[in-house]
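The values are calculated or read from the model by the stated rules, or taken from the named source; none is laboratory data. Owing to the predicted nature of the structure, the values given are computational and were not obtained by experimental measurement. Because the Cβ atoms are built from the backbone with ideal geometry, glycine has one as well, and the counts that use them run over all protein chains shown.
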Amino acid sequence: MEIVRSQRKPADAAVAPALSLYRSAPALEVRLEDFELYAIDRLRVLQGISDGLSRGKKPEEMEKLVSELWRAQMRHQDPSEEMNKDIISHFVLRLVYCRTEDLRKWFLSMETSLFRYRFRLESPESQRLLMSEFQLPYKAISHAEFETVKDKLNQVARSTGPSSNAETLFFKVPFEEVPELVAGRRVFMLKGFAYVAMNQVVSLVATQFRSNLSKALVLTNRKWTSTIRDKEKNRLTPIVEALSTGYLGPDYSQPKEFSEIALKDIDQLASTSFPLCMRHLFDKLRETHHLKHGGRMQLGLFLKGVGLKLEDALAFWKSEFSQKVGAERFDKEYSYSIRHNYGKEGKRTDYTPYACHKIISSTPSVGDHHGCPYRHFSEENLKAALGKMGVGGRSLDDILDKVRSRHYQVACTLTFEAVHAASCDSGINHPNQFHSLVEFDEVKRSCRKRLDGHNRRRRKPRSAAAASTASACLLPLPPASGFSMYLLTSLSPPAQPNLAGIARAEKDAREQRSFSHGYEEGEAAFCRTATEQCGVVDRPGF
Ligand code: SF4
């Protein structure tokens, strides 16, 4: 049985903030399954924030985005458990993202943004409660002091937009503690102090939140490397390690029902619906008739995911490799691994196509062609490759900007949008998603090309120009047609992404058991070995 207690028991529930400061891990129990699922839900929120920020959304748009993401991902069927889900998922992700400098940086930045936008959504009373929980050493200025600086405060308030009036509380803080207000000239300063209005305190608390979390992540990392990782190597460690590279979108391990591809169409498909990473591998294979192991795995599993049957895959690889190594050597040395990928050899595992995270974090060496071109190509090579896809001008500049700021998946999304003249709000998280968005309609569960042919026969004749556009890329149809609406709808992210892409190897074992887990004060206690330190037990058949 799951036993969970709320972390906060406020006297006045109406005022109680829904936002936690995550100061210490709470003493509660969680099933192993929830340990992972809650973390995945929170990761989706953080990933959405990351995408929104890198797409340059304005603060008001971000506020809306965060509240939508939170509603969609962090709801619990039992509303009283929502705060527990929030807290548990945060502490699980601390473990996941404490492990390297890059992971810490990303997590710190996304969690602070999430905190900032959630704080803004709280009522003023809740905000005041949160401030007092932070124990910030600032007091609201007295009425007498307010009268002496009132005119200046009004001047600043008028120039910054949101009004502050006589009822507004102001806090006097050392100016270096609100750098973003100072940099944006949004605060009145006098003798080294900034007068921060109640509607601006989010800057103050977000700075404090970030600083606390930053220290906590360093401590968690020390504990993770010194004790937790080894103690939990058979239970939590595989989950924690899989979560930072896990893919959060649909499962592409099996081709879609209608998405089988024929060998004769493969060149055409490569030029119209493969993402750059796969197009590059495909071209290199055609050119050199060989790919090293990393390339064979990346392209081979992708092709399997888009619907290339095993017999066709064997024929395809053989036709290329035999030109270089001969048919006999291909049969002896290479065909086994292709059958292995399709679950026909060895452990008979049905392998999953690689997601962007995995491809981007791979480290190709000289002679390798796998990896993500946005991450692994030089700028010159990337420009040339994008030029071949017909991307130029402003779109090319935008893509290169994203690459320079290391937003590789956003760059890939912008490429999709430039090439197919359609928006992709869900962002590209998986090479097979790129293919699927062009070729396959998730909503009507049918192939765009077949559907297009069917609909064209039923539609009234349209202008030749519009018809040729439709047959060229099947996406940018006139907005007035019902079909256009349908295609655009199909570009929305799937409503219920499944989780099969995450840690598939560990899943079966985990399904057989779950555990309840005792929290103690501090992050380390969160995942100490249950039986040894927290009285937690593995319980089969939970
Ligand atoms: Fe491939 Fe993903 Fe890189 Fe796009 S972002 S090129 S789909 S790995």
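Residues in segment 39-69 that are closer than 30 Å to L236 by Cβ and among the basic types (K, R): how many?
The qualifying residues number 2.
Mind telling me which of the residues Y374, Y354 ends up being modelled with pLDDT under 95, surrounded by 14 or more Cβ atoms within 10 Å (Cβ to Cβ) and among the aromatic types (F, W, Y)?
Just a single option satisfies the conditions, and that option is Y354.
Condition test on D368, is it part of a helix (DSSP H, G or I), surrounded by 13 or more Cβ atoms within 10 Å (Cβ to Cβ) and acidic (D, E)?
No; evaluated as a whole, the condition is false for this residue.
Of the conditions (1) under 22 Å from S271 (Cβ atoms); (2) out of contact with any Phe, Trp or Tyr (no Cβ under 6 Å at 6 or more places or on another chain), V366 satisfies every one except a single condition; which number is it?
(1)
How about segment 347-383: which of its residues are free of Cβ contacts under 8 Å to residues at least 40 places away in the same chain and basic (K, R)?
Those that are free of Cβ contacts under 8 Å to residues at least 40 places away in the same chain and basic (K, R): K347, R348, R375, K383.
Check whether at least one residue in segment 145-152 is touching a helix residue (DSSP H, G or I) at 6+ places or on another chain (Cβ under 9 Å), closer than 24 Å to E63 by Cα, surrounded by 15 or more Cβ atoms within 10 Å (Cβ to Cβ) and modelled with pLDDT under 85, and report yes or no.
No, there is no match, as no residue in segment 145-152 is touching a helix residue (DSSP H, G or I) at 6+ places or on another chain (Cβ under 9 Å), closer than 24 Å to E63 by Cα, surrounded by 15 or more Cβ atoms within 10 Å (Cβ to Cβ) and modelled with pLDDT under 85.
Mind checking which residues of segment 194-216 are touching a strand residue (DSSP E or B) at 6+ places or on another chain (Cβ under 9 Å) and either within 17 Å of L129 (Cβ to Cβ) or surrounded by fewer than 17 Cβ atoms within 10 Å (Cβ to Cβ) (or both)?
Answer for segment 194-216, where residues must be touching a strand residue (DSSP E or B) at 6+ places or on another chain (Cβ under 9 Å) and either within 17 Å of L129 (Cβ to Cβ) or surrounded by fewer than 17 Cβ atoms within 10 Å (Cβ to Cβ) (or both): M198, V201, L204.
Can you tell which of L308, L276 is more than 16 Å from the ligand (Cβ to nearest atom) and at pLDDT 90 or above?
From the options L308, L276, the qualifying one is L308.
With (1) touching an Asp or Glu at 6+ places or on another chain (Cβ under 7 Å); (2) more than 28 Å from E29 (Cβ to Cβ) as the list, and R94 as the residue in question, which single condition is left unmet?
(2)
Tell me the helices (runs of 4 or more DSSP H) entirely within segment 54-161 that contain at least 1 residues that are of a type in the set (V, I, T), out of contact with any His (no Cβ under 7 Å at 6 or more places or on another chain) and in the same structural domain as F188 (by TED's automatic domain parsing).
Filter on segment 54-161 gives 143-160.
Which of the residues spanning segment 91-108 are touching a residue at least 24 places away in the same chain (Cβ under 8 Å) and of a type outside the set (V, I, T)?
The answer is F91, L93, R94, L95, Y97, C98, R99, L103, R104, W106, F107, L108.
Within 11 Å of the ligand (Cβ to nearest atom) and surrounded by fewer than 21 Cβ atoms within 10 Å (Cβ to Cβ): which single residue out of S361, S337 fits that description?
S361
Answer with yes or no whether E380 is more than 10 Å from the ligand (Cβ to nearest atom), surrounded by 13 or more Cβ atoms within 10 Å (Cβ to Cβ) and at negative phi.
For E380, the condition - more than 10 Å from the ligand (Cβ to nearest atom), surrounded by 13 or more Cβ atoms within 10 Å (Cβ to Cβ) and at negative phi - is not met.
Please give the number of the condition V403 fails out of (1) within 14 Å of the ligand (Cβ to nearest atom); (2) assigned by TED's automatic domain parsing to the domain that holds Q268; (3) in a loop (DSSP other than H, G, I, E, B).
Result: V403 passes all but (3).
Of all residues in segment 323-347, which are out of contact with any His (no Cβ under 6 Å at 6 or more places or on another chain), of a type outside the set (F, W, Y) and farther than 30 Å from F434 by Cα?
V325, G326, A327, E328, R329, D331, K332, E333
Give all pairs with beta carbons closer than 6 Å in which a residue from segment 45-57 that is over 9 Å from G427 (Cβ atoms) meets a residue that is assigned to a helix (DSSP H, G or I) and among the polar types (S, T, N, Q); count only pairs at least 6 apart in sequence or on separate chains.
Filtered contacts from segment 45-57: V45/Q73; I49/S113.
Considering only segment 407-441, how many residues are charged (D, E, K, R), at pLDDT 85 or above and either near the ligand (Cβ under 9 Å from one of its atoms) or within 14 Å of the chain's Cα centre (by Cα) (or both)?
Looking only at that region, the number is 0.
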